[in-house]
Amino acid sequence: MSEEKVQSKVDPFGRTYGTGRRKESVARVWIKPGNGKIEINGRRMTDYFSRSVLQTLVLQPFSIAERLGRYDVICTVRGGGLSGQAGAVRHGISRALVDYEPDLRSVLKAAGMMTRDSRTVERKKYGLMKARRSFQFSKR
């Protein structure tokens, strides 16, 4: 079996695209070579994700691949809360990064960046307060 080198999928504007998903959130991510500017829904990442934990989560793919500050990110994200949106952006950046540099796939896959975190909120059941929480029992 012959090994073929995987080609990068760069569009005419010099960008690659990745879709990221987490909980109810969907992120559409474009990356291109630049100086590390990250824009989410038209706002800077530090303005959109004010919690440092979420900012770290978004930057994880770049730090694992040792590419911090080399790519500009433009992203639109919809649905869910901030935590799910940060996870979706992280997933989208990972996928776009692999499209730009296919050699990074093994590094990001080993770190778990390429896998979509499929955990979602469990649905509410009939006769219960929440998905599993029952009403308080009273003997009298």
Notebook entry, point to check: If you count, for each residue, the other Cβ atoms within 10 Å and average over each peptide, how do 54-63, 36-45, 92-101, 109-118 line up from highest to lowest?
Noted result: 92-101, 54-63, 36-45, 109-118
Notebook entry, point to check: For Gly34, which sequence-distant residues (separation of 5 or more, or a different chain) have an amide H within less than 5 Å of its own amide H, given hydrogens modelled in the peptide plane?
Noted result: Tyr71, Asp72
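Net charge around Lys32, counting only other residues with Cβ within less than 15 Å of its Cβ (Lys, Arg = +1; Asp, Glu = -1)?
Numbers: positive: Lys9, Arg15, Arg28, Lys37, Arg67, Arg70, Arg95; negative: Asp11, Glu39, Asp72, Asp99, Glu101.
Surrounding charge for Lys32 is +2.
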Notebook entry, point to check: Quick one: if you stick a label point 7 Å off each Cα along the C-beta vector at Asn35 and Ala111, how many nm between them?
Noted result: 2.4 nm
Item checked: GNM result for the chain, Cα springs below 10 Å: residue of Tyr17, Tyr71, Tyr126 fluctuating most strongly -> Tyr126
Check: Which whole-Hz couplings ³J(HN,Hα) result when phi for each residue of segment 117-123 is put into the Karplus expression 6.51 cos²θ - 1.76 cosθ + 1.60, θ = phi - 60°, listed in order with x for Gly and Pro?
Finding: 6, 8, 5, 10, 6, 6, 6
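For the chain, what relative contact order do you get, as a whole percent, if you take Cα pairs closer than 8 Å and at least 6 residues apart?
32 percent
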Notebook entry, point to check: Do the sum for the chain: with -39,500 (n - 2.57) for every DSSP H run of n ≥ 4, divided by all residues, what is the mean residue ellipticity at 222 nm, to the nearest 500 deg cm²/dmol?
Noted result: -9000 deg cm²/dmol
Note to self: For P(r) over Cα pairs in 10 Å bins from 0, in percent, pick the label among (i) 12, 40, 34, 13, 1; (ii) 12, 38, 26, 11, 8, 4, 1, 0; (iii) 10, 31, 25, 17, 12, 5, 0 that corresponds to the value derived from the coordinates.
What the structure shows: (ii)
Check: ³J(HN,Hα) across segment 56-68 via Karplus (A = 6.51, B = -1.76, C = 1.60, θ = phi - 60°), whole Hz, x for Gly/Pro?
Finding: 4, 4, 5, 7, 3, x, 5, 5, 5, 7, 6, 10, 4
Check: For the Cα atoms of the chain, what angle does the longest principal axis make with the long axis of helix 82-100, in degrees from 0 to 90, nearest 10?
Finding: 30 degrees
Check: Rounded to the nearest 20 Debye, what is the dipole magnitude of the chain about its Cα centre when Lys and Arg each give +1 and Asp and Glu each give -1 at the C-beta?
Finding: 1280 debye
Notebook entry, point to check: For the chain, what % of the accessible area comes from carbon and sulfur atoms, probe 1.4 Å?
Noted result: 50 percent
Checklist line | Karplus 3J(HN,Hα) series, Hz, for segment 11-26 with 6.51 cos²θ - 1.76 cosθ + 1.60 (x for Gly, Pro) | finding: 7, x, 8, x, 10, 10, 10, x, 9, x, 9, 7, 6, 9, 8, 10
Note to self: I'd like the antiparallel share, as a percent to the nearest 5, of DSSP beta bridges with both residues in the chain.
What the structure shows: 85 percent
Notebook entry, point to check: Say the dipole of segment 1-121 comes from +1 at the beta carbon of Lys and Arg and -1 at that of Asp and Glu; which of Ile40, Leu104, Gly92 then lies farthest toward its positive end?
Noted result: Ile40
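The values are calculated or read from the model by the stated rules, or taken from the named source; none is laboratory data. Quick caveat: nothing in here was measured; it's all calculated off a predicted structure. All Cβ positions, even for glycine, are placed from backbone atoms using ideal geometry, and neighbour counts span all protein chains on display. Side chains included, ligands, DNA and RNA excluded: accessible areas come from the protein's heavy atoms. Shrake-Rupley method; radii C 1.70, N 1.55, O 1.52, S 1.80 Å.
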